[in-house]
1. If you take the Cα atoms of region 192-337, find Rg, then find the Kirkwood Rh from the mean of 1/r over all pairs, what is Rg/Rh?
2. By how many degrees, 0 to 90 and rounded to 10, does the Cα axis of helix 96-106 deviate from the longest principal axis of the chain?
3. I'd like the projected area of region 259-336, averaged over all directions, using the convex hull of its alpha carbons. Report it in nm² with one decimal.
4. Under 18 Å from a point 7 Å along the Cα-to-Cβ line of R92: which residues of region 102-126 have their amide N that close?
5. Just tell me the longest site-free run in the chain, where the sites are chymotrypsin sites (Phe, Trp or Tyr not before Pro) in a DSSP loop having at most 16 other beta-carbon atoms within 10 Å.
6. Along Cα→Cβ, 7 Å out, is where each label goes; now give me the distance between the ones at E106 and F172 in nm to one decimal.
7. Could you calculate the FRET efficiency of L265 with I286 from 1/(1 + (r/R0)^6), where r is the beta carbon distance between them and R0 is 22 Å, rounded to 0.05?
8. Calculate the spin-label point distance for L327 paired with R241, positioning each point 7 Å from the Cα along the beta-carbon direction, and give it in nanometres.
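Just so it is clear, none of the values below were taken in a lab; they were calculated from the coordinates. Remember, it's a predicted structure, so these values are computed and weren't measured experimentally. We place every Cβ from the backbone using ideal geometry, glycine too, and count neighbours over all the protein chains shown.
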Amino acid sequence: MSDNKAIGMNEALRLRKEKEMRESYTIEDVQKTSVEVIIPTLNEELTIGGLIDRIRSLDVPVNTSILVIDGGSTDGTIEVCKRKNVRLVTQRGRGKGKAMREAADETSADIIVFIDADATYPPEDMPLLLQPLLEHKADMVVGSRIASKREKGAIQRFNVLGNKIFNKAINFAMGSSVTDSLSGYRALHTKTFKELVLFSDSFEIEVEMTVEALARGLRISEVPIGYGVRTGAPTKLDPFRDGIKIARSLLFILMNVTPLKFFGLIFLGFIVVGFYPAYFVLHEKITVGEITSIPAVVLSSLLFVTGAIALVVGILSELVVRSRRRLEYLISKKLDS
Ligand SMILES: Nc1nc2c(ncn2[C@@H]2O[C@H](COP(=O)(O)OP(=O)(O)O)[C@@H](O)[C@H]2O)c(=O)[nH]1
Ligand SMILES: [Mg+2]
């Protein structure tokens, strides 16, 4: 994150806060910590009951409660939740991302853990997610479905490829090293979640959370978790339709967060392509002595000019983003003092 001075300032603020928290950190604090396990559901009657039981039988030193946020299930999901006597909220809007944002407004717990209702993420791994948070070693902990702990076939090949491309794009833009930007198994303080500016309604919420957290200089810690094959109802994620939606959102998010890199790449693209007709024109001038290929002159000029415009847009956007972050930093400092 060396490319951003504003993040440097956030970093300083974060380090100060972290030091203060570490000094006051005790086992009693951990025991007093409340955790809300938020489960977004849409027609998961076959798996939700078992998942609730598994969460309830966890042995963790914190006060754990469960909140199911339902997207309008038409199967027996609601009945199962009622039978299990679990807190159930029906979301107002549509989509998993919207459900997660609405659920966060419903909880008064200190920490939120998001987990899918399809029981593909093992709740037994939850202590791994909570530990770095409780020890103040991370601001967001993500369960990463690395190959070694993943059941064979749990993620389709196409989705693995998509995940890799998104991780690479994020890591290039943010200078990070995330390995599973699409994971839905995440833990963070409720306050932190509410500070993230999230607009995603659907499955883009995960990449948005990752980039937003990185842009704010928050520490993302990834812990390897198991990941099972979906055995209940079919997935709600359409790899093509949702993949395109995620890619589109990621492009816009990165454009908003690191505009100079984003438009800088477009600039480079135009310049590299523009060199070809420019070379042609130069070669003609040197060998023939005069330029006859006017289309090549026009084409290379257009490409260079378009590239230059992209660069100017990138520089201006970067200035806007940096001053916005500075303002955010000043406001948060004011609110803290
Ligand atoms: N509340 C709510 N939950 C949803 C919605 N769409 C999907 N889910 C739930 O979100 C979780 C992740 O969805 P899933 O289909 O497993 O996606 P995948 O894990 O990416 O294949 C599951 O528990 C779904 O039941 C929705 O529109 N609203
Ligand atoms: Mg799932």
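1. Numbers: Rg = 22.9 Å, Rh = 19.4 Å.
In region 192-337, Rg relative to Rh is 1.18.
2. Computed tilt is about 50 degrees.
3. Details: hull surface 22.1 nm².
About 5.5 nm², averaged over all directions.
4. 102-108, by backbone N distance to the label point.
5. Counting at most 16 other Cβ atoms within 10 Å as exposed, the longest clean stretch of the chain is 26-198.
6. Here the answer is 3.9 nm between the modelled labels.
7. Details: r = 31 Å, r/R0 = 1.42.
So the FRET efficiency works out to roughly 0.10.
8. 3.8
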